[in-house]
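Written below as structure tokens is the structure these notes are about.
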């Protein structure tokens, strides 16, 4: 557990005119992904969904002939809630002399830290290597849910991207890193070569923010809470990255939780002058339709080709 230092608590306590707007946020208030993904509160520590895995056999028959009996198969997909959180400790002297705002600020920073960890695990989490983490998309997806670019160290093929989109059930968004999104920006300028053309558009969301789209699908730039491109950079096999074609919603990708993030005041520690606060979030995510997300992999950081 890390204790809040007096030096850290003193930040922002100077000239009230200078700091009239409070702490200047250097972190992104909310990641676009958390705006898009619905979260459903569940009872208990697990959530299960039923997916059609295999259809029964049907056929035609002649008069006085019978059918061969068969049955379909339904798979149960169960996801357990994982525990994300942390603790902070603040000397009562700091709260008494500098106000409850110090505790609030630390809680806000911890919420962003939890969001960082969850976001990274949403893509890269490996519950085989680390059972405490959620299993991310990179771990869960295989077979038909992966479309590989034309080999390693190759420019992004727009045709292959179109294939990944075509394989996805009711696609709504393309998730990628910032550097990857710049390749789309560059492709938009290369209309003469047929790489970008009218397939790449720009518009505004419901809040008036500019968004980039490819074939009508919003391009979501995935960054951490500090707006750093560390979630989906070009660090996969052979210095490549991936684009995730997603559908969000109850029949697509949906977050699950016991409740929103909990903040609990544990009171003053018995052995030291420290008021402890614990923050936890019991959560995971489900993939409803088995084709609601497709990973487009092996993309090199070079200009795209048609």
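Throughout, read-outs are computed from the coordinates displayed, never taken from laboratory work. Just so it is clear, the model here is predicted, and its values are computed rather than measured. Because the Cβ atoms are built from the backbone with ideal geometry, glycine has one as well, and the counts that use them run over all protein chains shown.
Which log10 I(q)/I(0) values does region 76-123 give at q = 0.23, 0.33 Å⁻¹ under the Debye formula, counting every alpha carbon as one identical point scatterer?
The Cα Debye sum returns log10 ratios of -0.86, -1.19.
Subtract the Cα-Cα distance of residue 104 and residue 68 from 0.36 nm times their separation in residues, and report this length gain in nm to one decimal.
6.3 nm
Which residues among region 210-253 fall inside the zone where the amide N is under 12 Å from a point 7 Å beyond the Cα of residue 126, along Cα→Cβ?
Of the residues in region 210-253, 237 have backbone N under 12 Å from the label point off residue 126.
Pull up the DSSP beta bridges for the chain and report the antiparallel fraction as a percent, rounded to 5.
Details: 45 of 60 bridges.
For the chain, the DSSP antiparallel bridge percentage is about 75.
Hey, in the GNM for the chain with a 10 angstrom Cα cutoff, which one of 233, 38, 56 fluctuates hardest?
56
Would you mind computing, in nm to one decimal, how far apart the modelled labels at residue 185 and residue 61 are, each placed 7 Å from Cα along Cα→Cβ?
6.5
Based on the Cα gyration tensor of region 180-291, what are the three equivalent ellipsoid semi-axes, each the root of five times an eigenvalue, rounded to whole Å and given largest first? Walk me through the intermediate numbers first.
Details: eigenvalues 318, 69, 48 Å².
Working through the eigenvalues yields semi-axes of 40, 19, 15 Å.
Please identify, among 183, 253, 165, the residue showing maximal mean-square fluctuation in a Gaussian network model of the chain using a 10 angstrom Cα cutoff.
The residue that fluctuates most here is 183.
What is the extension gain from residue 211 to residue 166, computed as 0.36 nm multiplied by their sequence separation minus the C-alpha to C-alpha distance, in nm to one decimal? All intermediate terms of the calculation are to be shown ahead of the outcome.
Values: separation 45, 0.36 × 45 = 16.20 nm, distance 2.18 nm.
Taking residue 211 through residue 166 to full extension adds about 14.0 nm, to one decimal.
Cα centroids of region 77-105 and region 217-231: how far apart, whole angstrom?
Cα centroid of region 77-105 versus Cα centroid of region 217-231: 25 Å apart.
Report, in cubic angstrom per residue, the convex hull volume of the C-alpha atoms of the chain. Spell out each step's value before the answer.
Values: hull volume 62.2 nm³, N = 306.
Dividing the Cα hull volume of the chain by its residue count gives 203 Å³.
Counting other C-beta atoms within 10 Å, which of 259, 113, 157 has the fewest, and how do the rest follow?
Numbers: 259 12, 113 17, 157 20.
The most exposed by this proxy come first: 259, 113, 157.
Can you tell me what the convex hull of the Cα atoms of region 30-187 projects to on average, as an area in nm²? It would help to have the intermediate numbers written out before the result.
Numbers: hull surface 69.9 nm².
Mean shadow area of the hull around the Cα atoms is 17.5 nm².
Can you give the log10 of the normalised intensity I(q)/I(0) at q = 0.12, 0.22, 0.26 Å⁻¹, computed with Debye over equal Cα scatterers of region 234-303?
Taken in order of the listed q values, log10 I(q)/I(0) reads -0.62, -0.95, -1.04.
Of the candidates 268, 65, 163, which one comes out as most mobile in a Gaussian network treatment of the chain with C-alpha springs shorter than 10 Å?
Comparing 268, 65, 163 in a Gaussian network model of the chain, the most mobile one is 65.
Subtracting the Cα-Cα distance from 0.36 nm times the residue separation, let me have the gained length for residue 144 to residue 262 in nm, one decimal. Provide the component values of the computation, followed by the final result.
Details: separation 118, 0.36 × 118 = 42.48 nm, distance 3.80 nm.
This chain segment gains 38.7 nm when fully extended.
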